[in-house]
Amino acid sequence: MTNTLYFGDNLDVLRRYVPDESVDLVYLDPPFNSNADYNVLFAARDDTDSAAQIEAFTDTWRWDRAAAEAFDNVVCGDDDGVCDLPTSRTLQGFRAMIGECDLLAYLAFMAPRLLQLRRVLRDTGSVYLHCDPTAAHYLKVLMDAVFGPEHFRSEVIWQRTGSHNNAKRWAPVHDTILFYSKGDRYTWNKVYQPLPQETIDAWYNNVEEGTGRRYNRADLTGAGTREGPSGEPWRGIDPTAAGRHWAIPRFVGDLVAGLSTHDALDALDAAGRIHWPQKEGGKPMLKRYVEEARGIPALDVVTDVGPLKNSSAERLGYPTQKPEALLDRIIEASSRPGDVVLDPFCGCGTAVASAQKLGRGWIGIDVTHLAVGLIRQRLLDQYGEAADFQVVGEPTSAAGAARLAELDRFQFQAWALGLVGARTAASSKKGADRGVDGRLFFRDDGRGTKRGKTRQVLFSVKSGKNVSVADVRDLRGAVEREGADLGVLLTLTDPTKPMRQEAASAGFYESPTWNKRYPKLQILTVADALDGRGVEMPPVRHTNETYRQAPRATAKAAAQGSLGL
């Protein structure tokens with residue numbers, strides 16, 4: 001079950017795949033339309049509105065028939081007739097206070113998912129809900145209902161941006177992260193954040209001669225007198241006379257391991273670690289170098305982890321991407337190596353990537369193939385073969401792919417591009433892509449160096465049955481128009497002879513780095529990609545492979561899927 005990406009609605013995935021009390025830490029950053037006019041969220045809706053499918057990246061809720069049914073399922077009981085009374089009363093209270101509005105639809109969406117997260121958490125587990133101030137107060141009340149107000153631990157404020165102009169209110173620059181435990185005994189590891197520069201300047205105000213290293217002075221004695229060596233004089237200094245005893249700090253334990261008290265003090269002095277005051281009778285102190293400082297205990301106002309910059313190597317182009325440093329801190333604080341971390345709205349997979357890095361097991365769930373494909377490639381890029389995971393809920397056959405195409409053409413497009421490691425084009429609006437559905441970049445002209453021209457492969461994805469030579473010509477025109485080096489037509493159906501001839505007439509791209517020729521226009525079927533065939537092109541990275549196929553759903557999971565799996 002662990003180290004698994006699930007494609008699908010997280011409520012369904014949680015119910016079907018994740019057992020009771022099997023997860024140690026939950027982090028969720030659920031979508032919410034924080035850019036909407038707040039008052040619009042309270043506008044009443046006609047409850048006869050037909051339910052609308054929520055498309056990828058659409059995080060706006062509407063009070064409609066589907067929302068009303070979700071509300072009733074929580075208030076009156078789920079399919080098994082089970083009703084969580086505190087959560088039911090809370091939703092009823094929300095309805096009485098704010099009415100049947102879009103915000104109530106969102107809260108009715110979140111309530112059953114929070115109940116499922118409580119179910120899958122171990123008794124020692126914790127949950128962190130990341131939200132913006134627009135709905136944080138409502139979500140906190142809902143979390144109180146689900147987990148109990150006595151299990152609220154912290155409200156963490158993360159400064160997500162440095163500046164924001166707003167003429168009529170305080171500039172909104174922060175997100176809220178609500179931290180709850182499931183029970184009274186929960187995993188907690190003390191974590192530290194770097195020392196602020198002003199603290200370093202104030203505390204580490206001594207400079208060691210000869211090395212220039214900054215240090216502060218730590219006490220070598222502890223309160224109270226002791227019998228034995230720790231209470232005896234050393235170098236003419238008697239700690240007992242001052243009501244104290246020798247006590248060597250733990251952070252230099254490796255330097256004095258196995259030594260008696262006086263021998264340890266001699267060793268520290270020989271190593272230049274003791275600061276001797278010039279004043280006669282002054283007591284010696286231990287030098288603590290600034291690089292030995294663990295930092296300060298992590299605060300509930302996080303200002304030392306900034307947002308991702310446009311130039312950041314982490315940035316994947318996902319609109320709500322969070323920095324790994326923020327997730328590292330959360331995971332290190334509330335889990336241990338080998339524990340299981342769950343992100344039910346995993347987006348571009350920052351929590352998943354952080355859990356992988358820190359030696360935790362993980363489960364990621366997302367409703368879009370775009371996100372699942374992005375996470376899959378992210379893990380392979382960062383961890384290679386060490387990223388041992390499976391994907392459940394994806395098509396594993398041409399028939400399953402056809403079924404996905406019938407259900408949602410854009411989901412099919414994102415999934416198909418993910419098979420070959422490509423990403424969707426920047427524009428997702430119909431007709432705005434000008435024949436380009438995806439892109440893949442590689443470097444050439446710089447073998448063995450980071451230099452080299454960035455080149456691109458353009459993709460056109462076709463899910464219909466009426467694919468023809470005109471589609472190949474359109475792709476050829478896009479490649480020429482954008483100055484791309486390769487073009488790939490990724491199609492659900494087999495190409496015709498005229499299509500193959502048109503592609504062959506485009507000639508070849510010649511790689512100066514690899515001294516190899518690649519067909520400038522290629523036609524790749526989904527069945528080929530599922531069988532492991534990739535794009536003929538120079539390696540994206542300087543390796544001996546042109547394409548590393550991502551893992552697919554296991555046979556067992558395939559049999560349980562809903563797309564002909």
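The values are calculated or read from the model by the stated rules, or taken from the named source; none is laboratory data. What you are looking at is a predicted structure, and each value in this text was computed from that prediction instead of being measured. Note that each Cβ is placed from the backbone with ideal geometry, even for glycine, and that neighbours are counted across all protein chains shown.
Summary of values
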| quantity | calculated |
| --- | --- |
| Qualifying residue in segment 109-125 (condition: assigned by TED's automatic domain parsing to the domain that holds Leu342, buried (at least 21 other Cβ atoms within 10 Å of the Cβ), part of a strand (DSSP E or B) and in contact (Cβ under 8 Å) with a residue 40 or more places away in the chain) | yes |
| Residue tally, condition surrounded by fewer than 24 Cβ atoms within 10 Å (Cβ to Cβ) and modelled with pLDDT of 90 or more, over segment 361-377 | 1 |
| Candidates Ser334, Ser354 - the one that is at pLDDT 95 or above, crowded, with 24+ Cβ neighbours inside 10 Å and farther than 15 Å from Val23 by Cα | Ser354 |
| Cβ pairs under 6 Å, 6+ apart, first in segment 195-206 and under 18 Å from Pro297 (Cβ atoms), second in a loop (DSSP other than H, G, I, E, B) and among the aliphatic types (A, V, I, L, M) | Leu195/Ala293 |
| Criterion violated by Thr187 - all others in (1) in contact with a Lys or Arg (Cβ under 8 Å, 6 or more places away or on another chain); (2) assigned to a helix (DSSP H, G or I); (3) not acidic (Asp, Glu) satisfied | (2) |
| Residue within segment 126-137 that is assigned to a loop (DSSP other than H, G, I, E, B), polar (S, T, N, Q) and within 23 Å of the chain's Cα centre (by Cα) present | yes |
| Qualifying residue in segment 501-508 (condition: part of a loop (DSSP other than H, G, I, E, B), touching a residue at least 24 places away in the same chain (Cβ under 8 Å) and more than 17 Å from Arg439 (Cα to Cα)) | yes |
| Any hit, segment 538-549, residues being at pLDDT 85 or above, among the aromatic types (Phe, Trp, Tyr) and crowded, with 16+ Cβ neighbours inside 10 Å | no |
| Any hit, segment 319-329, residues being of a type in the set (Gly, Ala, Ser) and in contact (Cβ under 8 Å) with a residue 24 or more places away in the chain | no |
| Hits in segment 145-163 - residues which are part of a helix (DSSP H, G or I) and without any contact (Cβ under 8 Å) to a residue 40 or more places away in the chain | Phe147, Pro149, Glu150, His151 |
| Subset of segment 219-269 (residues that are closer than 20 Å to Gly282 by Cβ, buried (at least 18 other Cβ atoms within 10 Å of the Cβ), within 46 Å of the chain's Cα centre (by Cα) and not polar (S, T, N, Q)) | Leu220, Ile248, Leu268 |
